[in-house]
Amino acid sequence: MSGSDRRRFQRLSLANPAVATLSGGAALVLDLGVGGALVEHEGEISPGNRATLRIRWYQYEIDLTCEAVHSRLVNPSTETRTAVSHSGLRFVDLSAETGHALQSMMATIVGRILAAQKANAKGDYEGDRIDGSAILSDLGRARRSRIGGLVSYKLKGNMWWRTPTSTTRQPHDGFTVAAYEDETDLEVLCEAYAVSDEEGRRLIRLVAELSVASVKDLQGQGS
């Protein structure tokens, strides 16, 4: 993925890579974001070429049309071994259904990571209140409500500042979400952000980015 793509999208590094195929060949998803992925795969692909990435993770099986942004050969082919490459892929021509499935899968992954971090933290939170997947559990219902716009939450000292925004870029000192998100869920997200380390905050911004992506989905459906 290009430098501009990395700045635009939060990416999730998978401690346990997701099993996948790239145009039928074996692959592993190393990093995943709403805009693309870093994949280890059999064979080679040239920048600009398209391929189908099929991700299998628990109950999810998602087919994504991708365009190669960059690719690096990490193991050349031999008489007994197929070449292995690392390729940055950009998702293209996603249907609404595929986009929603990708967002749901990523929210679940992030939620599990946040829940594990919470279990190891000293903070005293009840139940799974800072589980990222629970925080965005109302995404589907909220989409149907069709309340437009985005809201930015920024932490200044010990105070949160909430302002409407038109930019989809995540701020470095907080997060931006869809305006329709439930206030109680957002209070929990703010609490989690305030006590998290930098990696935890990056994961929370990734959760927020999924919310922003759902607004863009709605705008596309309404155009």
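Here the extension length gained between ARG112 and THR52 equals 18.9 nm, from 0.36 nm per residue of separation less the Cα-Cα distance.
If R0 equals 30 Å, the separation of the Cβ atoms of ALA15 and GLN59 corresponds to a calculated FRET efficiency of about 0.95. Calculate the FRET efficiency for ARG72 and GLU198 from the Cβ-Cβ distance with a Förster distance of 30 Å, rounded to the nearest 0.05. Between ARG72 and GLU198 the formula returns 0.65. Ordering GLU181, GLU198 from the fewest to the most neighbouring beta carbons within 10 Å gives GLU198, GLU181.
Taking 0.36 nm per residue of separation and subtracting the current Cα-Cα distance, fully stretching the chain between ASP182 and ARG162 would add 5.8 nm.
Around the amide H of LEU12, modelled in the peptide plane, lie the amide H atoms of LEU32, GLY33, all under 5 Å away and 5 or more residues distant in sequence or on another chain. Treating r as the C-beta distance of GLU191 and GLU79 and R0 as 45 Å, the FRET efficiency rounds to 0.20. Note on HIS172 and GLU97: the model spin-label points, each 7 Å out from Cα along the C-beta direction, lie 4.2 nm apart.
Other residues lying with their Cβ under 12 Å from the Cβ of GLY25 contribute a combined charge of -2, Lys and Arg counting +1, Asp and Glu -1. As a proxy for reagent exposure, ranking PHE175, PHE91 by other Cβ atoms within 10 Å from fewest up yields PHE91, PHE175. Quick one: which residues, 5+ away or cross-chain, put their amide H under 5 Å from the amide H of THR165? H built at 1.01 Å from N. Correct list: LEU150, VAL151, SER152.
Computed from the coordinates by the stated procedures, all read-outs in this text should not be read as laboratory data. Keep in mind that what you see is a predicted model, and the values were worked out from it rather than measured. Every residue, glycine among them, receives a Cβ derived from its backbone with ideal geometry; neighbour counts consider all protein chains shown.
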